[in-house]
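For reference, the structure discussed in these notes is given below.
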């Protein structure tokens, strides 16, 4: 093993997805209602744009797919609104940390892996802009420089659970799938990495989609157990 791919939300940054989404949409609605955007309609259109990214066929970045869809369904022009959205992700969005439960285990496992010489990729579903993703990295007590690559909607052309998401990482970093490990909390979105030959460690603290999983992970345990797992990994320095 040479490269460890780690999910963010629910893995390195523990959270209950429903609480995160409710807090996020509450704040973004509050931010844009005074500017003339109906909160309910805004939420609906963000979901439609997110669905478009999940269905992205790879011809365009997720960023372009989202904005083309969002402009159409919301009836706005990207050039008029993008800066305001970027300001939201740099400011009010940080209040969503209250819907998460950061753990010192995140920085511990990243530190151990780096000290042992492993390359780390932040394989978070790329449905957020870089500014929002990098802020969530900070919430987790981590630094963006900890990672060889952080997937965001600007640099990705598909989303989990599309295997093309992992294939793009493999090609971009010239990885051997058999020398990688995917670590995540979603029994569908993260275990799909196995279809490309990437072993999977399923973290159970904030487990998602266990009831509909079709692929068994190679390893399974709590974040604390994963920390013990990486402590036993050989150094490759």
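The numbers here are math on the coordinates, done by the rules we state, and not lab data. As the structure is a computational prediction, the values presented were derived from the model and not from experiment. Here Cβ is always computed from backbone atoms with ideal geometry, including for glycine, and neighbour counts include all displayed protein chains.
Distances between every pair of Cα atoms in region 104-237, grouped in 10 Å steps from 0 to the bin holding the largest one, split as 12, 43, 41, 5 percent. Does anyone have the angle between helix 78-90 and the longest principal axis of the chain? Alpha-carbon axes, 0 to 90°, nearest 10? Between the helix axis and the principal axis of the chain, the angle is about 50 degrees.
The residue 212 and residue 101 beta-carbon pair, evaluated with R₀ = 25 Å, returns a calculated FRET efficiency of approximately 0.55. Neighbour counts of other Cβ atoms within 10 Å put 1, 35 in the fewest-to-most order 35, 1. Against the longest alpha carbon principal axis of the chain, how many degrees, from 0 to 90 and to the nearest 10, is the axis of helix 62-74 turned? Approximately 30 degrees, to the nearest 10.
Seen from every direction in turn and averaged, the convex hull around the alpha carbons of region 18-97 projects onto 5.4 nm².
Between 212, 76, 131, the residue with the greatest mean-square fluctuation in the GNM of the chain (Cα pairs under 10 Å linked by springs) is 212. If the Kirkwood radius is taken over C-alpha pairs of region 39-142, then at 4 °C and 1.567 mPa s the Stokes-Einstein diffusion coefficient equals 82 µm²/s.
Distance distribution P(r), the chain, all Cα-Cα pairs, bin width 10 angstrom from 0: 8, 32, 37, 18, 5, 0 percent. Each of 235, 178 has some number of other Cβ atoms within 10 Å of its Cβ, and from fewest to most they run 235, 178. So how tilted is helix 130-139 from the main axis of the chain? Cα-based, degrees 0 to 90, rounded to 10. The angle comes out at about 60 degrees. From most to least packed by mean Cβ count within 10 Å, the peptides 51-57, 9-15 give 9-15, 51-57.
DSSP bridge analysis restricted to the chain gives an antiparallel fraction near 5%, rounded to the nearest 5.
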